[in-house]
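Note sheet for the following structure.
The values are calculated or read from the model by the stated rules, or taken from the named source; none is laboratory data. This one's a predicted model, so the numbers in the text were calculated from it and none came from an experiment. Using ideal geometry, Cβ is built from the backbone for each residue, glycine included, and neighbour counts are taken over all protein chains shown.
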Amino acid sequence: MYSNLRWVASFQVILPMQASHPPNIKKKKSVQNYATRIVHTLQKEPNQAYTIQQLCTVLKVKIKSDKAKVKKVLLDLLQEGMIKKISKGRYLHPTAPIYITGRVDYVHTEYAYIVAPSQPKDVLVRQNNLLSALDNDLVKVCLLPTRGRRRPEGVVVEIIERNTIIGRVTVAGKQPQAIVEQKRMTYTVLLEKEPNLILQKNDKVVITLTSMLNRQGTGKVVQHLGQAGLHEVEMHAIMAEFGLKDTFPENVLESTQNIPLVITEEEITQRRDLRHIPTFTIDPADAKDFDDALSYQPLANGRHQVGIHIADVSHYVLPESLLDKEAYARNTSVYLVDRCIPMLPELLSNVVCSLRPNEPKLTLSAIFELDATGKIYDTWLGETIIYSDKRFSYEEAQAAIERQSGDFYQALTLLNHLAQQLRTKRSEKGAINFETRSLSFELDATGKPLQVMPKVRTDAHRLIEEFMLLANQAVATHVAKLKQKQEKEGPTFIYRTHDDPDPDKLHTFFLFVNQLGYKINSTNKPVYKAMHELEQMIQGKQEEHIIQALAIRSMAKALYTTKPDPHFALAFTHYTHFTSPIRRYSDLLAHRLLKKYLKGERIYDNASYEQKCQYAVERESLAVHAERASIKYKQVEFIQNLKEETLEGIISGLTEWNIYIEILSNGCEGMVRLADLTDDVYVFEADSFQVVGQRSKKCYRLGDIVKVKVKSCDLDKRHINFWLC
C-alpha cells in the first residue's frame, strides 16, 4: 500500500531499471498524513512504544471516524513491516533508524529521488513524505525497511538546507510573483516586497523560500540578476542555482598576498632539480591553469625517461588555512560553457601554481624508466623543481606529431608511441576504453552561440591521458604497498575506485546491442573481452558514441574512498587522483599524504578522510550537473534559431513517453513526445528496446537515423521538443 514502486527510464537510457507500474498514490491525504506522521513519531523515539490512544493524541485526532482511520493505517503499516506491535497494544519502530543525507532530485510530481553518496542506489521518497522539500534541497532521510523492494525508499525527516531557487518574474508591481521551473515541477512564488527593489516582468531573481504549500510558495529575493535571456544573467542564474561563486571572500584573497612569489635557494636544495631536462605542457588552447607537464630524455641504455610533473599546490595551500578551508568548500573547479569557476584564487591557479612556460615551478613528480614496448623498469616519486620550455595546445601538439616538425616533435612522437604501448597493455589487462562525447561552443561577443561542435579527440589528448593514468596508478600503488602484514588497514589515502558492473544491467545492455545487430556472446567470457569485441564492431558507425554512452551508464560510478579497492574500467588494482591539484581538492589531499609517506611518516585516520571522500563525490556531482546545465542552455539557445530547418538526428533514448534524438551535426539533444506521433498509437516496449505503432507496427529503435524539425524550445527548463518529419 505504501511501498509500490515505479520504474522510470533514466534520461536517454533504457537500461538500469526494471519495468513495472507507477506508484499507486490514491489514498486520501488524511490517511497519507497519518501514515507519515506515525512513522515520523516512532522514528524520532525508536525506543518509545506508543498505544493507539497516545498516537491519536500526537496526531490530534478526536473524532471517532478518524480514530478508525488511524487503526486501519496501523494495520497497513504492520503488514508492510514499517512498524511492529509489542505487548499491551503498543507500537514501536521495527529497527534502529538508518539516516542518510542527500539532495532531492525530482523526476515526478508525486515522488522524488534522493541522491546520496553513501547509497549505491537513489532513494525514492513519495511526495507526502517530502516535508515540502524541493529539487536539490539537502535533506536528512530515514530509510524505510526494504521488504524485498528493488529500490530503497525513505522519509524526509529534516530539510537541512534549502537550495537556492531561480525564478522569472511574471507579475511586477505591489505584489510581485515569480514562476519557478524545476525539471518536471513548476510552481509560483509570491515575493516579499522590498522597498528598494524594482522588478520588471521577465527579470530573473534568486529566491530564498520562506514557506511552501501545494505548489504555492512565498519567498524573499536575495539577488536580482536582470532580464532573462541575456548571457551574463543566464550564466549567473546557473551559478546561483548550484551555489557556485565566481568571487572569493576578501579575507581569503588577502591571505594570498603572503604567498611567496620567488622560490628560495633553500627550497631548491631540498628537491630534485629537473630544470635542465626538456619539459612542456599540453592543454586546451584557452586554459590558464596548467596542472601537469611532461619531460622526456633518452637514456644511455636505450630506454626512455618520462617525467610527469604536477603542480605542488600543497606547498602553498597549508592545512586549515583560510585558503585551504575555501578550497575544501569548493572542492573542484567548475567549467561552464564560457568560464571557469576556480577552486583556488587566480593568483594561485593561473600564476603561482600554474606550470607556465619559462618560469621555474615547484612540482611533485613521478619519473619512469621505460623501454620501447612500454615496460616499466623503474619508478621514482618525489618533490622536484622544473622549468617548462614550451606551452602546447592540443592542436599544436597534434600538428607536431602529424607533420614531424616543430618544437619537441621528436619527444612528442616518442611519447605518443609510448602512450599507445601503455594503452595496449591496459587493454590486454582488461581496461575498457570507451570515450564519452563532449561539445565545444563558439560564442559571439554577447555570448550567443554561433556554432556547436562535437570535440575531436586526437592522439595528443590520449597521450596526456595515458601518462596521467600512469602517474595516478603509480602513486596509489606506492601508498597501498606501505601496508604492513600485521596491519588491518594501511596508511590513510584517497583512492579512486570503480566497482564491477551489476550483472543484470550488463545483461540488459548486451541484449540491447544484440537487438541492434551486434551479436556478442557475453556469457562465456570476461566482461572486458565482450566490451573489446563490441568496441571493434561499432568503430566508425553512426551509433558508436550512443552505444559507448549506454555502456558507460550500465557500469557503476567511480568514487573517492579510503578503501584501496580496484578500478574496474581502468583495470588497475589501485588508483588515485593525483594529477590535478589546482582544480580538485582530492588531488591536493593525495599530495599532502604522499609527501608525508615519502618522508617516512604515517597517518591512520580513515574515518575523517572517508567523510572528505563523500563530500568530494557530492561536489563532483554538483559540478557535473552545473556544467551540463550551461551546455544544455546554450544548446537550446542555438537550436531555436534552426526552426525552419530539417535536421538529421540519431535516436539516443526511449521512454514510455518520449523518443530522445541527438542532432548529428551539432550534438544538440531534444525529444519527440509519443503523444505528438499522430499517425498511430505508439507504445514503448522495454523488452525489445523500441517504440512500436500498434496498428502499423512501425518501429523506432535506439540508433535509428531520423529527420526532425524544431517544435519548441524552453530556455527556462532547458528543453528542446522536436517533430518527426
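Of the numbered conditions (1) surrounded by 19 or more Cβ atoms within 10 Å (Cβ to Cβ); (2) of a type in the set (S, T, N, Q); (3) over 19 Å from the mean Cα position of the chain (by Cα), Ser630 satisfies every one except a single condition; which is it?
Condition not satisfied by Ser630: (3).
Mind listing whichever residues of region 216-260 are part of a loop (DSSP other than H, G, I, E, B) and under 25 Å from Leu622 (Cα atoms)?
Scanning region 216-260 gives Ala228, Gly229, Leu230, Phe242, Gly243, Leu244, Lys245, Asp246, Thr247, Phe248, Pro249.
Of these, Ala237, Ala287, which one is out of contact with any Cys (no Cβ under 7 Å at 6 or more places or on another chain), more than 28 Å from Phe392 (Cβ to Cβ) and of a type in the set (A, V, I, L, M, F, W, C)?
Exactly one of Ala237, Ala287 is out of contact with any Cys (no Cβ under 7 Å at 6 or more places or on another chain), more than 28 Å from Phe392 (Cβ to Cβ) and of a type in the set (A, V, I, L, M, F, W, C), namely Ala237.
Out of all the residues in region 363-398, which are buried (at least 19 other Cβ atoms within 10 Å of the Cβ), among the small types (Gly, Ala, Ser) and in a strand (DSSP E or B)?
Correct list: Ser365, Ala366.
Would you call Leu124 at positive phi and either touching an Asp or Glu at 6+ places or on another chain (Cβ under 8 Å) or assigned to a loop (DSSP other than H, G, I, E, B) (or both)?
For Leu124, the condition - at positive phi and either touching an Asp or Glu at 6+ places or on another chain (Cβ under 8 Å) or assigned to a loop (DSSP other than H, G, I, E, B) (or both) - is not met.
Go through region 689-723 residue by residue and tally those that are surrounded by fewer than 17 Cβ atoms within 10 Å (Cβ to Cβ), closer than 30 Å to Ile165 by Cα and either over 26 Å from the mean Cα position of the chain (by Cα) or among the basic types (Lys, Arg) (or both).
3
Of all residues in region 638-653, which are buried (at least 17 other Cβ atoms within 10 Å of the Cβ) and either over 26 Å from Glu232 (Cβ atoms) or in contact with a helix residue (DSSP H, G or I) (Cβ under 8 Å, 6 or more places away or on another chain) (or both)?
If the condition is that a residue be buried (at least 17 other Cβ atoms within 10 Å of the Cβ) and either over 26 Å from Glu232 (Cβ atoms) or in contact with a helix residue (DSSP H, G or I) (Cβ under 8 Å, 6 or more places away or on another chain) (or both), then Leu647, Gly649, Ile650, Ile651, Ser652, Gly653 are the ones that fit.
Pick from region 17-58 the residues that are assigned to a helix (DSSP H, G or I) and at pLDDT below 75: which of them is nearest to Arg126 (Cα to Cα)?
Selected residue: Gln32.
Would you mind finding the one in Thr523, Thr477 that is surrounded by fewer than 20 Cβ atoms within 10 Å (Cβ to Cβ), out of contact with any Asp or Glu (no Cβ under 9 Å at 6 or more places or on another chain), of a type in the set (Ser, Thr, Tyr) and assigned to a loop (DSSP other than H, G, I, E, B)?
Thr523
If Val456 passes every condition in (1) under 29 Å from Asp338 (Cβ atoms); (2) touching a Pro at 6+ places or on another chain (Cβ under 6 Å) but one, which one does it miss?
If we test Val456 against (1) under 29 Å from Asp338 (Cβ atoms); (2) touching a Pro at 6+ places or on another chain (Cβ under 6 Å), just (2) comes out false.
Which residue, of Leu469, Leu450, Leu482, is assigned to a helix (DSSP H, G or I) and hydrophobic (A, V, I, L, M, F, W, C)?
The unique qualifying residue is Leu469.
Give Ile238, Ile282, Ile263 a once-over and let me know the one that is aliphatic (A, V, I, L, M) and either out of contact with any helix residue (DSSP H, G or I) (no Cβ under 6 Å at 6 or more places or on another chain) or modelled with pLDDT under 95 (or both).
So the residue among Ile238, Ile282, Ile263 that is aliphatic (A, V, I, L, M) and either out of contact with any helix residue (DSSP H, G or I) (no Cβ under 6 Å at 6 or more places or on another chain) or modelled with pLDDT under 95 (or both) is Ile263.
Out of region 666-685, which residues are aliphatic (A, V, I, L, M) and crowded, with 17+ Cβ neighbours inside 10 Å?
Met671, Val672, Leu674, Leu677
One residue is enough: does region 207-218 have a residue meeting the conditions buried (at least 16 other Cβ atoms within 10 Å of the Cβ), among the aliphatic types (A, V, I, L, M) and within 30 Å of Pro94 (Cα to Cα)?
No, every residue in region 207-218 fails to be buried (at least 16 other Cβ atoms within 10 Å of the Cβ), among the aliphatic types (A, V, I, L, M) and within 30 Å of Pro94 (Cα to Cα).
Looking only at region 373-392, decide whether some residue is in the same structural domain as Ala311 (by TED's automatic domain parsing), farther than 30 Å from Lys634 by Cα, within 29 Å of the chain's Cα centre (by Cα) and modelled with pLDDT of 95 or more.
No, region 373-392 has no match at all.
Checking Ala112 against (1) closer than 25 Å to Ser211 by Cα; (2) modelled with pLDDT under 85, only one condition comes out false. Which one?
(2)
Inside region 107-121, can you point out the residues that are of a type outside the set (Phe, Trp, Tyr) and not in a loop (DSSP other than H, G, I, E, B)?
Passing the criteria: Ala112, Ile114, Val115.
Would you be able to say whether some residue in region 303-313 is assigned by TED's automatic domain parsing to the domain that holds Arg619, touching a Cys at 6+ places or on another chain (Cβ under 6 Å) and not hydroxyl-bearing (Ser, Thr, Tyr)?
Yes, because at least one residue in region 303-313 is assigned by TED's automatic domain parsing to the domain that holds Arg619, touching a Cys at 6+ places or on another chain (Cβ under 6 Å) and not hydroxyl-bearing (Ser, Thr, Tyr).
I'd like to know if region 346-357 contains one or more residues that are farther than 14 Å from Ile582 by Cα and surrounded by fewer than 20 Cβ atoms within 10 Å (Cβ to Cβ).
Scanning region 346-357 turns up at least one residue that is farther than 14 Å from Ile582 by Cα and surrounded by fewer than 20 Cβ atoms within 10 Å (Cβ to Cβ).
Each row is one residue, and each column tells you yes or no for (1) touching a helix residue (DSSP H, G or I) at 6+ places or on another chain (Cβ under 8 Å); (2) of a type outside the set (S, T, N, Q).
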{"site": "Gly430", "(1), (2)": "yes, yes"}
{"site": "Pro449", "(1), (2)": "yes, yes"}
{"site": "Lys455", "(1), (2)": "no, yes"}
{"site": "Met468", "(1), (2)": "no, yes"}
{"site": "Asn472", "(1), (2)": "no, no"}
{"site": "Val479", "(1), (2)": "yes, yes"}
{"site": "Gln484", "(1), (2)": "no, no"}
{"site": "Asp504", "(1), (2)": "no, yes"}
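In region 161-205, which residues are surrounded by 13 or more Cβ atoms within 10 Å (Cβ to Cβ) and of a type in the set (Val, Ile, Thr)?
Matches in region 161-205: Thr164, Ile165, Ile166, Val169, Thr170, Val171, Ile179, Val180, Thr186, Thr188, Val189, Val205.
Counting only residues that are at pLDDT 85 or above and either surrounded by fewer than 21 Cβ atoms within 10 Å (Cβ to Cβ) or of a type in the set (D, E, K, R) (or both), how many does region 119-130 have?
Final tally of qualifying residues: 2.
Looking at Ser438, Ser427 in this structure, which one is under 30 Å from Pro526 (Cα atoms), assigned by TED's automatic domain parsing to the domain that holds Gln305 and exposed (fewer than 13 other Cβ atoms within 10 Å of the Cβ)?
Going through Ser438, Ser427 in turn, the sole match is Ser438.
Is it the case that some residue within region 563-582 is modelled with pLDDT under 95, surrounded by fewer than 23 Cβ atoms within 10 Å (Cβ to Cβ) and either in contact with a Pro (Cβ under 7 Å, 6 or more places away or on another chain) or among the β-branched types (Val, Ile, Thr) (or both)?
There is no residue in region 563-582 that is modelled with pLDDT under 95, surrounded by fewer than 23 Cβ atoms within 10 Å (Cβ to Cβ) and either in contact with a Pro (Cβ under 7 Å, 6 or more places away or on another chain) or among the β-branched types (Val, Ile, Thr) (or both).
Looking at Leu294, Leu253, can you tell me which residue is under 27 Å from Ser388 (Cβ atoms), in contact with a Ser or Thr (Cβ under 8 Å, 6 or more places away or on another chain) and surrounded by 15 or more Cβ atoms within 10 Å (Cβ to Cβ)?
Leu294
Working carefully through the options Ser652, Ser630, Ser665, find the one that is among the hydroxyl-bearing types (Ser, Thr, Tyr) and in a loop (DSSP other than H, G, I, E, B).
Ser665
Name the pairs whose Cβ atoms lie under 6 Å apart, with the first residue in region 606-631 and over 19 Å from Met235 (Cα atoms), the second among the aromatic types (Phe, Trp, Tyr), and 6 or more positions between them or separate chains?
Listed by first residue and then by second, the contacts come to Cys613/Tyr560; Ala616/Tyr560; Val617/Tyr560.
Taking the criterion of being farther than 30 Å from Gly382 by Cβ and modelled with pLDDT of 95 or more, would at least one residue in region 468-477 satisfy it?
no
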